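Worksheet: one structure, shown below.
The values are calculated or read from the model by the stated rules, or taken from the named source; none is laboratory data. Remember, it's a predicted structure, so these values are computed and weren't measured experimentally. Glycine gets a Cβ as well: all are built from the backbone with ideal geometry, and neighbour counts include every protein chain shown. Just so you know, the surface numbers come from the protein's heavy atoms only, side chains and all, with ligands and any DNA or RNA stripped out. Shrake-Rupley method; radii C 1.70, N 1.55, O 1.52, S 1.80 Å.
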Amino acid sequence: MCTERNSIEILGTPVEVIRKKIKHLHLTVYEPAGSVRVSAPQRLSDDAVRAFVISRIGWVRRKQAAIAAQEREAPRELITAQTGYEMMGAEIERLVAHWEPRIKVTVSRWVVRHMKTRWGTCNVGRRRICLNSELAKRSPESLEYVVVHEMVHLLAPGHGDRFKAYMDRFMPDWRRRRAELNHARH
């Protein structure tokens, strides 16, 4: 995909603009610094992007304030990143071993890495799952939900009715867990 990047300042806020072959504008505020990015169709001018961001500047400021407030909150438990990842790795190993016979799938490999927009991914062909390192900061229940979610993709690749039926069967409270996890992100 051909992309073009540039930065513009809008009402004192630096905004990264990425132009690509898409139909609609997408506005995102990223943690941890509250940086702003707009994905825009290639044909759109800087003035049109500027007008779009200005029309949503209240939302941008609220998101940045929420991120800043979240950064100021004291962590409930002080652990080093190394210890957190080691604990997370041991828990993932336990969860995969626990769920493989129940779901009747085999995970060939799992990895943990930083991801900006997803809690996990699944490569069905390679039978590999990837989990977001941020899950180390979430509840064990949330980690279990993401592990099961990605493992169920080995049975049903999309998020359609078949996938939902499997999730209902294996983890009846998955919708609540998903809501709590996604609420915690914001």
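Out of LYS21, LYS63, report the one residue that is of a type in the set (Lys, Arg), over 22 Å from the mean Cα position of the chain (by Cα) and either within 19 Å of LYS116 (Cα to Cα) or open to solvent by 50 Å² or more (accessible area, probe 1.4 Å) (or both).
Being of a type in the set (Lys, Arg), over 22 Å from the mean Cα position of the chain (by Cα) and either within 19 Å of LYS116 (Cα to Cα) or open to solvent by 50 Å² or more (accessible area, probe 1.4 Å) (or both) holds for just one of LYS21, LYS63, which is LYS21.
Restricted to the range 92-108, and to residues that are in contact with a helix residue (DSSP H, G or I) (Cβ under 7 Å, 6 or more places away or on another chain) and open to solvent by 50 Å² or more (accessible area, probe 1.4 Å), which residue is modelled with the lowest pLDDT?
Initially, the range 92-108 is screened for residues in contact with a helix residue (DSSP H, G or I) (Cβ under 7 Å, 6 or more places away or on another chain), giving 92, 95-96, 99, 102-103, 105-107.
Going one step further and asking which of them are open to solvent by 50 Å² or more (accessible area, probe 1.4 Å), we end up with 102, 106.
On the way: ARG102: 95, THR106: 92.
Applying the filter and picking the extreme gives THR106.
Under 6 Å by Cβ, and 6 or more places apart or on different chains, what pairs join a residue from the range 133-159 that is within 14 Å of GLU180 (Cβ to Cβ) with one that is among the hydrophobic types (A, V, I, L, M, F, W, C) and part of a loop (DSSP other than H, G, I, E, B)?
Partner pairs satisfying both residue conditions: VAL146/TRP119.
Here is a yes/no grid of residues against (1) closer than 13 Å to GLU4 by Cβ; (2) touching a Ser or Thr at 6+ places or on another chain (Cβ under 6 Å):
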residue	(1), (2)
ILE18	yes, yes
LYS21	yes, no
LEU25	no, no
VAL29	no, no
PRO32	no, no
SER35	no, no
ALA48	no, no
ILE57	no, no
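Could you list, in sequence order, the residues of the range 112-126 that are in a loop (DSSP other than H, G, I, E, B) and crowded, with 16+ Cβ neighbours inside 10 Å?
Keep residues of the range 112-126 that are in a loop (DSSP other than H, G, I, E, B), which gives 114-119, 124-126.
Within the range 112-126, TRP119 is the sole residue that qualifies.
Does the range 140-149 contain at least one residue that is in a helix (DSSP H, G or I), within 24 Å of GLU31 (Cα to Cα), open to solvent by 50 Å² or more (accessible area, probe 1.4 Å) and at pLDDT below 95?
Taking every residue of the range 140-149 in turn, at least one turns out to be in a helix (DSSP H, G or I), within 24 Å of GLU31 (Cα to Cα), open to solvent by 50 Å² or more (accessible area, probe 1.4 Å) and at pLDDT below 95.
All but one of (1) open to solvent by less than 50 Å² (accessible area, probe 1.4 Å); (2) modelled with pLDDT of 85 or more; (3) hydroxyl-bearing (Ser, Thr, Tyr) hold for TYR30; which doesn't?
(2)
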